[in-house]
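J.: Structure below; questions to follow.
The values are calculated or read from the model by the stated rules, or taken from the named source; none is laboratory data. Remember, predicted model here, so these are calculated numbers, not experimental data. Cβ placement follows ideal geometry from the backbone for every residue including glycine, while neighbour counts extend to all protein chains displayed. We work out accessible area using only protein heavy atoms, side chains counted, and drop any ligands, DNA or RNA first. Shrake-Rupley method; radii C 1.70, N 1.55, O 1.52, S 1.80 Å.
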Amino acid sequence: MSTITETQTLPQGTWAVDKVHSDIGFAVDYMIGTFKGGFADFDAELNDGVLRGSAKVASVQVKDPNLEAHLQTPDFFDAERYPEISFESKSVARDGGKLAIDGQITIKGHTEPVAINGTISDPISDPYGGERLGLKLEAKVDRTLFGVSWNNPLPSGKPALANTVTLLVDLQLSKQA
């Protein structure tokens, strides 16, 4: 018995991020746990099947203000020279509620291809007379490809901070008139 996969398209039109109900974050293994952070100032838009997003590096949020400041230095994001991280999709494949997105991400002025997997919630009517859809997306990037190479060796000689960073994006998008 063969399985037929139905490929669907993304909703057409322009859909803008609802920043109050959305998050852009990251997670990276550090020593024996996972270090997480996010960005408070970001934007995202789905326009006729093309997803674009950006985050202001200066808005990085973690649990320690000293670390937030360190993340903005050349050791990490170099916010003064590269104030924004950006993404643009090149292709989107949809199978039911699952998404596979190929795109490009730019960090510290350097652009690399990125493969994103996730889910989509089809548009619903919201209580305010509008339409919304949801995207939950995840991607893994090697931070060293972007010149984010700071590390601190453990006494064993192994690095404390992993090179693979997981990007976590949870978006609610509202249809624009």
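J.: Work out the charge dipole of segment 36-137 with +1 on the Cβ of Lys and Arg and -1 on the Cβ of Asp and Glu about the Cα centre, then indicate which of Ala100, His70, Ile85 is farthest towards its positive end.
T.: Of the candidates, Ala100 comes out farthest on the positive side.
J.: Dipole size in debye (nearest 20) for the chain around its Cα centre, Lys and Arg Cβ +1, Asp and Glu Cβ -1?
T.: 300
J.: Give me the net charge of Ser149's neighbourhood, meaning all other residues with Cβ under 9 Å from the Cβ of Ser149; Lys, Arg count +1, Asp, Glu -1.
T.: 0
J.: Still on this model: Suppose the chain between Lys98 and Ser121 were pulled fully straight at 0.36 nm per residue; how much longer would it get relative to their current alpha carbon spacing?
T.: On the way: separation 23, 0.36 × 23 = 8.28 nm, distance 0.92 nm.
Length gained, Lys98 through Ser121: 7.4 nm.
J.: Same structure again: Return one whole number: the accessible area per residue of segment 28-177 in Å², for a 1.4 Å probe.
T.: That works out to 56 Å² per residue.
J.: Another question, then. Under 10 Å, Cα contacts only: if you run a Gaussian network model on the chain, which one of Ile24, Ile32, Ile105 comes out with the highest mean-square fluctuation?
T.: Ile32
J.: Based only on the alpha carbon positions, what is the Kirkwood hydrodynamic radius of segment 78-177, in angstrom?
T.: Computed over Cα pairs of segment 78-177, the Kirkwood hydrodynamic radius comes out at 15.9 Å.
J.: What are the lysines whose alpha-carbon lies under 26 Å from the alpha-carbon of Lys90, with same-chain residues fewer than 8 places away excluded?
T.: In chain and number order, the partners are Lys19, Lys56, Lys98, Lys108, Lys136, Lys140, Lys175.
J.: Moving to a separate point now. What spacing in nm lies between the two simple spin-label points modelled at Thr9 and Gln61, each 7 Å away from Cα in the Cβ direction?
T.: The two pseudo-label positions are separated by 3.6 nm.
J.: Roughly how many whole Å is it from the C-alpha centroid of segment 10-39 to that of segment 124-144?
T.: 9
J.: What's the Kirkwood radius of the chain in Å, using all Cα pairs?
T.: Kirkwood hydrodynamic radius for the chain: 17.5 Å.
J.: While we're looking at this one, here's another question. Treat every Asp and Glu Cβ in segment 1-103 as -1 and every Lys and Arg Cβ as +1, leave all other atoms uncharged, and give the resulting dipole magnitude about the Cα centre to the nearest 20 debye.
T.: So the magnitude is around 200 debye.
J.: Tally Lys and Arg at +1 and Asp and Glu at -1 over the other residues with C-beta under 14 Å from the C-beta of Ala79: what net charge comes out? Walk me through the intermediate numbers first.
T.: On the way: positive: Lys56, Arg81, Lys108; negative: Asp41, Glu68, Asp75, Asp78, Glu80, Glu84.
The answer is -3.
J.: Further question on the same structure: Got a sec? Charge dipole of the chain, +1 on Cβ for Lys and Arg, -1 for Asp and Glu; which of Pro155, Ile32, Pro113 is way out at the positive end?
T.: Of Pro155, Ile32, Pro113, it is Pro155.
J.: Restricting attention to the alpha-carbon atoms of segment 54-112, what are Rg (one decimal) and Dmax (integer), both in Å?
T.: Calculated on Cα positions, Rg and Dmax stand at 14.8, 44 Å.
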